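The values are calculated or read from the model by the stated rules, or taken from the named source; none is laboratory data. From a predicted model like this one, the values you see are computed outputs, not experimental measurements. Quick reminder, even Gly has a Cβ in these numbers, built from the backbone with ideal geometry, and neighbours come from all protein chains shown.
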Amino acid sequence: MTTQPPKVLVTKIGLDGHDRGSRVVASALRDAGMEVVYTPPWQDIAAVVKLAMEEDVDVIGVSSLATDHLIVPKLMQALRAAGLQDIAVIVGGIVPDADEAKLLEAGVAKVFHPGSSLADIAAEVGRLTRARRALNVT
Amino acid sequence: MSAGLQADANPLAAILAGERRALARAMSAVENETAAGKALLHELQPHLGRARVLGVTGPPGAGKSTLVSALIGAWLSRGATVGVVAVDPSSPFSGGAILGDRIRMGAHQADERVFIRSLASRGHGGGLSRTAARVIDLLDAAGYDQIIVETVGAGQSEVEVAEIADTRVVVCPPGLGDEVQALKAGILEIADILVVNKADLPLADRTERELLAMLSLRHYDVWTPQVLRTIATSGEGVAELADLIERHALACASQRRSHGGRVRRLIAASAADWVKRRVEGLAGDEFEELCARVQSGELDYASADLRAVALVLRAEKQA
């Protein structure tokens, strides 16, 4: 049997350039046996949608540390418009409680706050990947 | 939730019609070697052989991805569509990978005429992944004019790209080793074009001279490999490189990958892979005994391998 590791996009959209967190998470997911497409910060939404589509990722992780997180609902919209609603989106970083509800309402699967464990993040990505693949049996 | 899955109903038709999402999904099926992926590849066969495939290899940090990005720009400006397959290494410990080639491909990533796919090597040793050749086939069938395959950062013997590309570019950063390195067998031998990238660095002149000296000692028939200087970050030398690739393709048109020789090599590679996996999976007393006889020195490897293949074929017949 061949291995079919989860494929994850770790990215940052908007103007926030604090990329230490996304690098740490990308490395942890790699060490958990996942294939991680990593981008530098400052991606625009159209580029992220095209990338996620071409790479056929299971999960997109968006890191936000400087109040850019309210761009994420626009990303959700763009993913739906491209027919990519089966890709799960998680957000990690500094997200006020009131905004977390908005993100979840927009379709974000999970928000990870400061202090989250890398093992928990990897476990959630694994769970979301299994759920997506159970849905898309090819 | 099924709205997003419609594209997979007839993957072949969708791919031939240029549907990018169907293409991406098919690549996953091929990469994961699913039954659907194998069936699709079979149906794909009559639709192959139109695209030109360029292989780009060289050591880590040579500037392969940046040069690929510059070439994408050159081909787009000449009216071509471009597919890219970029391979990065999987960890031998966790199996995970960071796929970071496409981030060097900047603005072209967002261009609708460009399709970039990153693959992890998944333990395959030749500088590519086991399924890379078939992912290229998918891009070919989808109608991309130029396909670029970028290997993992390669050492001296990751020469598999030679098998699947029409034209092979080896990127040599300045100042890697002395003239003896340039004489060695392996990666430098497969080059149709040797690119001294980062040519603004001080040791570029020496590297270029050493490569030229290496080439002068060999004999070639259809095509004599060329040495070219580029600075991928500024675009210097890139138009010349695109021209040279074109010239090579014309000169070697009879040896293209669509030619029978490639199919022969791919069947051989696929058969070797099948036998290897089956032998590794052999179980039972007879195989244990065979191993023991080799270990004790009673039997040599050359005799043992034929017997192992016989065991595989017998097991196959019984199955």
Yes/no for B:Val195 being at negative phi, out of contact with any Gly (no Cβ under 6 Å at 6 or more places or on another chain) and assigned to a strand (DSSP E or B) | yes
Looking only at region A:13-28, count how many residues are in contact (Cβ under 8 Å) with a residue 40 or more places away in the chain and within 12 Å of another protein chain (Cβ to nearest Cβ).
-> 4
Taking B:Val263 as the residue in question, decide whether it is closer than 27 Å to B:Arg134 by Cβ and modelled with pLDDT of 80 or more.
-> no
Among all residue pairs at least 6 apart or on different chains, which show Cβ distances below 8 Å where the first residue, located in region B:303-319, is in the same structural domain as B:Gly284 (by TED's automatic domain parsing) and among the small types (Gly, Ala, Ser) and the second is modelled with pLDDT of 90 or more and surrounded by fewer than 13 Cβ atoms within 10 Å (Cβ to Cβ)?
-> none
Do we find that A:Ala88 is closer than 30 Å to B:Leu138 by Cα and either without any contact (Cβ under 8 Å) to a residue 12 or more places away in the chain or surrounded by fewer than 16 Cβ atoms within 10 Å (Cβ to Cβ) (or both) in this structure?
-> no
Working only within region B:213-233, note down all residues that are among the aliphatic types (A, V, I, L, M) and within 26 Å of B:Ser65 (Cβ to Cβ).
-> B:Met214, B:Leu215, B:Val227, B:Leu228, B:Ile231, B:Ala232
Being facing another protein chain (nearest Cβ under 9 Å) and at pLDDT 95 or above is the filter; apply it to region A:39-51 and report the residue that is nearest to the chain's Cα centre (by Cα).
-> A:Leu51
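Table: residues versus (1) in the same structural domain as B:Ala162 (by TED's automatic domain parsing); (2) surrounded by 15 or more Cβ atoms within 10 Å (Cβ to Cβ); (3) not β-branched (Val, Ile, Thr).
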| site | (1), (2), (3) |
| --- | --- |
| B:Arg218 | yes, no, yes |
| B:Pro225 | yes, yes, yes |
| B:Thr230 | yes, yes, no |
| B:Leu241 | yes, yes, yes |
| B:Cys252 | yes, yes, yes |
| B:Ala272 | no, no, yes |
| B:Arg278 | no, yes, yes |
| B:Phe287 | no, yes, yes |
| B:Cys291 | no, no, yes |
Of (1) outside any helix (DSSP H, G or I); (2) more than 10 Å from chain A (Cβ to nearest Cβ), B:Ser90 fails just (2)
Exactly one of B:Val152, B:Val135 is more than 25 Å from A:Pro41 (Cβ to Cβ), assigned to a loop (DSSP other than H, G, I, E, B) and either within 14 Å of chain A (Cβ to nearest Cβ) or modelled with pLDDT of 85 or more (or both), and that residue is B:Val152
Any residue in region A:85-96 that is within 14 Å of another protein chain (Cβ to nearest Cβ), more than 15 Å from A:Gly14 (Cα to Cα) and touching a Gly at 6+ places or on another chain (Cβ under 6 Å)?
-> yes
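Scanning region A:29-38 for residues that are part of a helix (DSSP H, G or I) and either crowded, with 19+ Cβ neighbours inside 10 Å or aromatic (Phe, Trp, Tyr) (or both), which turns out farthest from the other protein chains (Cβ to nearest Cβ)? Step through it out loud before you land on a result.
Of the residues in region A:29-38, the ones part of a helix (DSSP H, G or I) are A:29-31.
Of the ones still in play, those that are also either crowded, with 19+ Cβ neighbours inside 10 Å or aromatic (Phe, Trp, Tyr) (or both) are A:29-30.
Numbers: A:Leu29: 7, A:Arg30: 4 Å.
Once the filter is applied, the top-ranked residue is A:Leu29.
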Helices (runs of 4 or more DSSP H) fully within region B:11-61 counting 2 or more residues that are surrounded by fewer than 16 Cβ atoms within 10 Å (Cβ to Cβ) and either within 14 Å of chain A (Cβ to nearest Cβ) or basic (Lys, Arg) (or both) | B:35-44
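So that you can scan it fast, the table gives a plain yes or no per residue for (1) in contact with a strand residue (DSSP E or B) (Cβ under 7 Å, 6 or more places away or on another chain); (2) part of a strand (DSSP E or B):
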residue: B:Ser65; (1), (2): yes, no
residue: B:Gly73; (1), (2): no, no
residue: B:Leu76; (1), (2): yes, no
residue: B:Glu112; (1), (2): no, no
residue: B:Ser118; (1), (2): yes, yes
residue: B:Asp140; (1), (2): yes, no
Considering (1) crowded, with 19+ Cβ neighbours inside 10 Å; (2) among the polar types (S, T, N, Q); (3) modelled with pLDDT under 95, say which one A:Thr11 fails and leave the rest.
-> (3)
